[in-house]
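A.B. asks: What follows is a structure written as structure tokens; I'll ask about it next.
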Amino acid sequence: MTRLLAALAALALATAALAVGALFVGSAPLSGRAVVAVLTGRGTATPVDEVVVLSLRLPRIAAALLAGGALAVAGVGFQGLTRNPLAEPSVLGVSSGAAFGVVLAQVFGLRAGPLEALGLTAFAFAGAFVAGSAVYLIAAGAGGLPVHTLVLAGVIVGIFFSSAITVLISIVDFDRLGGVVHWLLGNLAPLPPPALGVFGLVTALGFWLVLGQSRRLNLLALGDEGALQLGVDAERVKRRAFAGAALLTAAAVAFAGPIGFVGLIVPHALRMTLGPDNRTLVPSAFLGGGLFLLAADTLARTLIVPAELPVGVITAFCGAPFFVYLLRSRSARIAP
Amino acid sequence: MTPLVEVREVEFAYPSAGGTVARRPFAIGALSVTVEDGEIFGVIGPNASGKTTLIRLLSRVLVPARGEILIAGRPLGTLARAAVARDIAVVPQDVPRGFPYTVEELVLMGRYPHSPRRLFDSDDDREHAREALGATGVLDLRTERLDRLSGGERQRVMLARALAQRPRLLVLDEPTAHLDLRHQVECVGLLRRLNRESGLGIVLVSHDLNMAAEICDRLLLLDRGAAVGVGTPKVVLTEATLEAVYGCRIAVGTHSATGRPTVQLIWPP
């Protein structure tokens with residue numbers, strides 16, 4: 001408990017500091033004094049300054065914190081329920097499934113109003129659910145769920161849904177899909193308040209679902225039989241954790257795009273410092289994921305000013321070597 | 001008096017792979033047996049005789065196809081999973097490879113059935129865990145990771161987890177399988193002490209007939225899912241029965257110190 005509180009305090013402090021810092025950087029030429037003026041309401045803030053800080057930078061920071069937190073907690077959930085340290089929304093193909101759902105919803109004309117944002121999330125969840133179930137069935141059919149089988153099944157399902165997205169984009173009028181290609185690379189954009197609200201609510205629901213199973217996910221590391229003998233209904237725990245993780249993935253993908261590897265890097269970095277207890281990891285991963293994605297997004301916004309990199313590129317550049325490291329390290333293995 | 005465990009005409013068959021006719025129709029067939037309070041009860045038999053299936057049925061990992069199992073007079077099938085785990089604690093042979101938790105974290109998992117809705121461990125849980133770690137003599141190891149311990153130490157830690165469950169019945173799966181001689185002796189001593197001091201009922205499944213003969217009040221000899229003999233070691237462990245069940249030549253003698261039966265193989269020339 002004390003370790004959890006200390007970790008949360010440290011992460012919250014770092015996140016707050018970075019969030020404030022991120023308000024001061026961006027492609028718009030805005031002086032530090034102008035940002036302070038907007039935030040305090042005193043001095044000489046122009047309307048343009050206000051729009052840049054309050055309607056562009058602030059919502060984008062909020063989106064980064066929510067998406068990073070959602071993806072990291074989804075990673076903890078998937079790793080716990082599959083007992084596989086490499087499980088993660090993008091590696092498992094669940095992100096691609098969610099992305100296919102989002103593109104399909106956009107083909108039907110859904111945009112960013114509050115109801116439409118909900119519809120978008122529902123489509124993303126349906127896609128994530130189908131992809132996750134497909135991965136499970138393929139891997140289970142190939143003889144249990146060994147580490148590598150699950151990852152291979154995830155890659156295959158990911159490729160399938162990526163191709164399906166390409167088909168949709170090819171047959172639909174490109175203009176109707178707006179910035180879909182940019183979004184597909186994983187791109188944080190300033191969200192309008194209703195979309196941000198839906199994003200926050202769905203993330204909270206997914207977080208609550210995974211956190212509620214976190215103690216039971218610990219016991220699941222004993223194996224299904226070991227967990228059952230301690231009174232844990234293993235199948236129900238897996239179903240609920242999966243629902244939560246899929247919901248978090250769906251929300252992040254719907255509002256920020258299929259950003260990869262956050263759910264791999266953040267939980268493992270935290271596991272190395274805080275230990276394997278999911279009750280500590282879930283809340284820490286939410287803050288840590290937000291912190292990581294905000295840092296990555298701030299880099300993406302500033303590295304090639306005045307242009308921007310999609311944040312997904314940054315996380316993939318960090319995540320790919322990390323994945324190889326985990327694949328090779330035996331100590332990071334959760335279970336055989 | 002109600003027996004601690006009552007197995008009534010229990011049958012169980014595993015679903016056969018591929019949907020074809022099962023090679024072995026029943027893993028357990030029409031088994032009836034009782035375990036009394038405070039008794040050390042041994043389950044022995046060759047491979048595939050149904051020993052492990054019996055553990056799974058007792059801990060409700062599997063549900064009987066026919067018949068029922070009662071724990072202290074209550075049918076297992078009517079109890080919630082956590083309630084079963086408050087009555088029956090299973091000590092497995094080992095934890096999964098690479099299990100990342102510390103000794104204390106593992107033992108605290110034994111407290112789950114007492115508060116399945118709570119997210120965090122209470123001071124009471126920690127007190128029970130400390131007590132259990134003390135009872136099996138591994139309190140010093142509590143901050144160690146499981147995969148850094150020796151086989152004998154891991155065995156004691158898993159026993160501590162089972163004690164933290166505060167069960168009426170302890171079920172042990174091959175408790176001495178991975179232990180050297182000294183640790184076997186220590187393990188048996190520990191089980192006897194727990195049984196004497198707290199009146200804990202113990203069911204132990206083992207391939208080690210000599211250990212079972214020494215420690216158990218009564219034995220159940222299983223063969224292909226059926227009870228071949230139930231009774232004191234002297235009654236069950238006879239040359240004729242053992243040779244018929246195991247299909248090899250066996251000499252049964254008497255332990256010079258304790259008077260219990262000893263079982264020796266007669267190796268083929």
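A.B. asks: Pairs, please: C-beta under 9 Å, at least 6 apart or cross-chain, first residue buried (at least 17 other Cβ atoms within 10 Å of the Cβ) and in the range A:198-209, second not in a helix (DSSP H, G or I)?
C.D. replies: A:Phe199/A:Leu191
A.B. asks: I would also like to ask the following. When residues of the range A:296-312 are filtered for being surrounded by fewer than 20 Cβ atoms within 10 Å (Cβ to Cβ) and modelled with pLDDT of 90 or more, how many remain?
C.D. replies: 1
A.B. asks: Could you say which residue among A:Pro276, A:Pro306 is outside any helix (DSSP H, G or I), within 14 Å of chain B (Cβ to nearest Cβ) and touching a residue at least 40 places away in the same chain (Cβ under 8 Å)?
C.D. replies: A:Pro276
A.B. asks: State whether one or more residues within the range B:20-38 are surrounded by fewer than 17 Cβ atoms within 10 Å (Cβ to Cβ), out of contact with any strand residue (DSSP E or B) (no Cβ under 7 Å at 6 or more places or on another chain) and either in a strand (DSSP E or B) or within 14 Å of chain A (Cβ to nearest Cβ) (or both).
C.D. replies: no
A.B. asks: Restricting the range B:62-120 to residues that are away from chain A (no Cβ under 11 Å) and at positive phi, which is surrounded by the most Cβ atoms within 10 Å (Cβ to Cβ)?
C.D. replies: Going through the qualifying residues, I end up with B:Gly67.
A.B. asks: For the list (1) surrounded by fewer than 22 Cβ atoms within 10 Å (Cβ to Cβ); (2) within 14 Å of another protein chain (Cβ to nearest Cβ), I need the number of the one condition that B:Glu131 fails.
C.D. replies: (2)
A.B. asks: Look through the range B:79-105, keep the residues that are part of a helix (DSSP H, G or I) and under 19 Å from the mean Cα position of the chain (by Cα), and return whichever of them is nearest to B:Asp125 (Cα to Cα).
C.D. replies: Of everything passing the filter in the range B:79-105, B:Arg86 is nearest to B:Asp125 (Cα to Cα).
A.B. asks: Restricting attention to the range B:11-33, and to residues there that are of a type in the set (Ser, Thr, Tyr) and under 14 Å from B:Gly225 (Cα atoms), which single residue is modelled with the highest pLDDT?
C.D. replies: It comes out as B:Ser32.
A.B. asks: Restricting to the range B:106-141, what's the tally of residues that are in a loop (DSSP other than H, G, I, E, B) and under 21 Å from A:Ala227 (Cα atoms)?
C.D. replies: 10
A.B. asks: Would you call A:Ala70 part of a helix (DSSP H, G or I) and more than 18 Å from A:His268 (Cα to Cα)?
C.D. replies: no
A.B. asks: Still on this structure: For the range A:119-142, give me each residue that is of a type in the set (Ser, Thr, Tyr) and under 13 Å from A:Ala98 (Cα atoms).
C.D. replies: Within the range A:119-142, A:Thr121, A:Ser133 meet the criteria.
A.B. asks: For the structure I just gave you, tell me whether A:Gly69 is in contact (Cβ under 8 Å) with a residue 40 or more places away in the chain and either farther than 15 Å from A:Phe255 by Cβ or surrounded by fewer than 24 Cβ atoms within 10 Å (Cβ to Cβ) (or both).
C.D. replies: no
A.B. asks: Filtering the range A:22-40 down to residues that are over 19 Å from A:Ile304 (Cβ atoms) and out of contact with any Leu (no Cβ under 9 Å at 6 or more places or on another chain), which residue is surrounded by the most Cβ atoms within 10 Å (Cβ to Cβ)?
C.D. replies: A:Ala34
A.B. asks: So, A:Ala62, is that one modelled with pLDDT of 90 or more, assigned to a loop (DSSP other than H, G, I, E, B) and either out of contact with any strand residue (DSSP E or B) (no Cβ under 9 Å at 6 or more places or on another chain) or charged (D, E, K, R) (or both) or not?
C.D. replies: no
For (1) within 11 Å of chain B (Cβ to nearest Cβ); (2) in contact with a Cys (Cβ under 9 Å, 6 or more places away or on another chain); (3) assigned to a loop (DSSP other than H, G, I, E, B); (4) among the hydroxyl-bearing types (Ser, Thr, Tyr), each residue gets a yes or a no:
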position	(1), (2), (3), (4)
A:Leu222	yes, no, yes, no
A:Glu225	yes, no, no, no
A:Leu228	yes, no, no, no
A:Val253	no, no, no, no
A:Ile259	no, no, yes, no
A:Val266	no, no, no, no
A:Val282	yes, no, no, no
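The values are calculated or read from the model by the stated rules, or taken from the named source; none is laboratory data. This structure is a prediction, so every number in the text was calculated from the model and none was measured. Neighbour counts are summed over all protein chains in view; Cβ atoms, including those assigned to glycine, are modelled from backbone coordinates with ideal geometry.
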